[in-house]
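Here the structure is laid out as structure tokens; the discussion comes afterwards.
Bear in mind that the values in this text are calculations on the coordinates, not laboratory data. None of the values given here were measured: they were computed from a predicted structure. Note: ideal-geometry Cβ built from the backbone for every residue, glycine included; neighbour counts use all protein chains shown.
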Amino acid sequence: MHFRPLLAQADTDTANATAAAAGGAMGGIIGLVIGLLIVVSMWKIFAKAGQPGWAAIIPIYNYYIWCKIVGRPGWWVLLLLICAPIFGIILCIDLAKSFGQGVGFALGLIFLSIIFFPILAFGSYTYIGPSAAPKA
């Protein structure tokens, strides 16, 4: 009896497992880099708005500061915790308006965050305040 196909299959399984582990590690590294880029961008945006930049790294508190920057009341943090997608979209629109940008830029913040948050943070955009954003 020959068991060669089984041995070859075992080698293929080992190779597939190694490739999957390498892909998982690479995905984790890419995710970490993207997350770090967003945090650094939020830090810079908070600083431009006259808020402490370090607030960007504190979970939940960063939402409070974001609400403060765009002129929304602090209790909106609860709404974000309940239904983040809807209220996150509203905050992105208000953030764009607080920096003098329109709906197109807000759509960029919503759908291409990895590109538009660094553009807002490191570009020459000036914070004009929540008076440009609607009041709740």
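Rounded if a/c is under 1.5, else prolate if a/b is larger than b/c, else oblate: which is the stretch 64-136, with a ≥ b ≥ c the root eigenvalues of its Cα gyration tensor? Note, shape of the stretch 64-136 comes out oblate. Short-range pairs are left out: with C-alpha atoms under 8 Å and at least six residues apart, the relative contact order of the stretch 53-126 is 19 percent.
Quick check: net charge around Gly53, other residues with Cβ under 15 Å of its Cβ, Lys/Arg +1 and Asp/Glu -1? The answer is +3.
Computed packing ranks the peptides 29-36, 108-115 as 108-115, 29-36, most packed first, by mean other Cβ atoms within 10 Å.
Sequence-ordered 3J(HN,Hα) estimates for the stretch 46-51 from the Karplus curve with 6.51, -1.76 and 1.60 and θ = phi - 60° stand at 4, 5, 4, 8, x, 10 Hz, glycine and proline given as x.
Using the Karplus relation 6.51 cos²θ - 1.76 cosθ + 1.60 with θ = phi - 60°, the per-residue 3J(HN,Hα) values for the stretch 77-89 come to 4, 4, 5, 5, 5, 7, 9, 4, x, 5, 6, x, 4 Hz, with x marking Gly and Pro. For the stretch 25-42, the Karplus equation 6.51 cos²θ - 1.76 cosθ + 1.60, evaluated at θ = phi - 60°, returns couplings of 5, 5, x, x, 5, 5, x, 5, 5, 5, x, 5, 4, 5, 5, 4, 5, 5 Hz by residue, with Gly and Pro reported as x.
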